[in-house]
Every structure is written in structure tokens, then in C-alpha cells.
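This report refers to the structure that appears directly beneath it.
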Amino acid sequence: MKKYIIGILVVLLVIFCSGCIDLGGNNEDDNMTEVQSISKGGVSIQYPGDWVVSQSSSNYSVVALSQSDSIDISKVGQVTVNIEKRPIEGDFNNFVNSTYDAIEEQEEFTLISSGAVIVNDMEGLQYIYQSNDGNVTKEHSALWFNHNGEAYVILCSAPVGQYAQNQGAFDFIVENFKFIA
């Protein structure tokens, strides 16, 4: 009987210790475990520690976040999450859809997909598209929500070759987005 108890304790000890030892393959960036937050313009956002508050070229921007090593000389990031707030003109769905009807007519934009989404128990619309400014082709995911009669968009953007590698950070920021007030 003692042999069984000792055997079980040894197995439990091995299982416990294997969870505590880093074998070199699962070493995550320490900054990804740090979480920062900002509340501004009626929204609250948590974001990874290797991201910073940055500048945006949009007049509607509430807050812009960028991966810290993607910021250029003008303080605008190439890998960004930009939260914008716009007054709704008419029906929310028509307002959002007309925005993309207009950009689809421009050669530098390519719509990939669109549809309804639910994020954090909020119903919204999602548009995934690419844009080309002549120098860089970027992929964008725009999540639109109607809150208190205003349209909010969470716009995740990155150069096409960097979008997939930043998907985890984009998802983290979107999952930790909340309306306040």
C-alpha cells in the first residue's frame, strides 16, 4: 500500500514540476504578459505592454495604439489599432455599408469580406479589406458598433506580411474593449 502512495506522489510531483519548467519552446515575450490600459472618449481599452498610444491621421480618432517598434518619424504606427467615433447619419447599417460602397469604387481598396459579428456580447458589422497607398499594401479589419447613437469602429491594420503575426495582439485589444458611460 505504501508503494502505491509513494508512486502516486512521485507521478504528481513529476506532473507538477513539468508545468514549472520552461523547456525552451514556450518562451513568450515578457511584454505580452504586461497589460496597459487607457480610458478615453467613452471607451476603455487594455493592450499589450509592447504597444503604445500613438498618433492617428483620422479626425474621428478617439485613441490610437501601435506596436511600439512600428512607429515612424511622424509618430504614426504601421501596425495599429485605431478606435474612431463618428456621428451616425441615418440608419447604422446603411451608414456603415455606404462607407464601404464608396471605398470599393477606389482602385486602392479591395474588399475581402463583410458581415455581422458579435464581440463581447455586442452586435456589430465587420469589414475586412486591403488598401494600397503605392508604397505599402495593408490589411484591415474594421469592427463597427452602434453605441448611444454614434458609430464606433475598431480598426486593426498592418502591412499584409505582418498582419497574421499581430493577430493575437489585435484579438487581445478587441476582447478587452469596453464602452464606458
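Scanning region 62-80 for residues that are buried (at least 16 other Cβ atoms within 10 Å of the Cβ) and among the hydroxyl-bearing types (Ser, Thr, Tyr) returns SER66, SER70, THR80. Residue pairs whose Cβ atoms lie under 8 Å apart, sitting 6 or more positions apart in sequence or on different chains, and linking a residue in region 146-171 that is over 14 Å from PRO48 (Cα atoms) to a partner that is among the acidic types (Asp, Glu) and assigned to a strand (DSSP E or B), are TYR152/GLU84; VAL153/GLU84; LEU155/GLU84; SER157/GLU139; ALA158/GLU139; PRO159/GLU139; VAL160/GLU139; TYR163/GLU139. Against the numbered list (1) over 26 Å from GLU34 (Cα atoms); (2) surrounded by 12 or more Cβ atoms within 10 Å (Cβ to Cβ); (3) out of contact with any strand residue (DSSP E or B) (no Cβ under 8 Å at 6 or more places or on another chain), GLN162 comes up short only at (1). Applying the set (1) open to solvent by 80 Å² or more (accessible area, probe 1.4 Å); (2) at pLDDT 95 or above to GLU84 leaves exactly one unmet item: (1).
Among the residues of region 124-142, those identified as buried (at least 20 other Cβ atoms within 10 Å of the Cβ) and among the hydrophobic types (A, V, I, L, M, F, W, C) are LEU125, ALA142. Taking region 100-123 as the search range and keeping residues that are modelled with pLDDT under 90 and more than 28 Å from GLN165 (Cβ to Cβ), which one is most open to solvent (accessible area, probe 1.4 Å)? Out of the qualifying residues, it is GLU105.
The values are calculated or read from the model by the stated rules, or taken from the named source; none is laboratory data. Predicted model, so just to flag it, every value in this text is computed and none were measured. We place every Cβ from the backbone using ideal geometry, glycine too, and count neighbours over all the protein chains shown. For the accessible areas, the whole protein counts, side chains as well, though only heavy atoms, and no ligand, DNA or RNA atoms are used. Shrake-Rupley method; radii C 1.70, N 1.55, O 1.52, S 1.80 Å.
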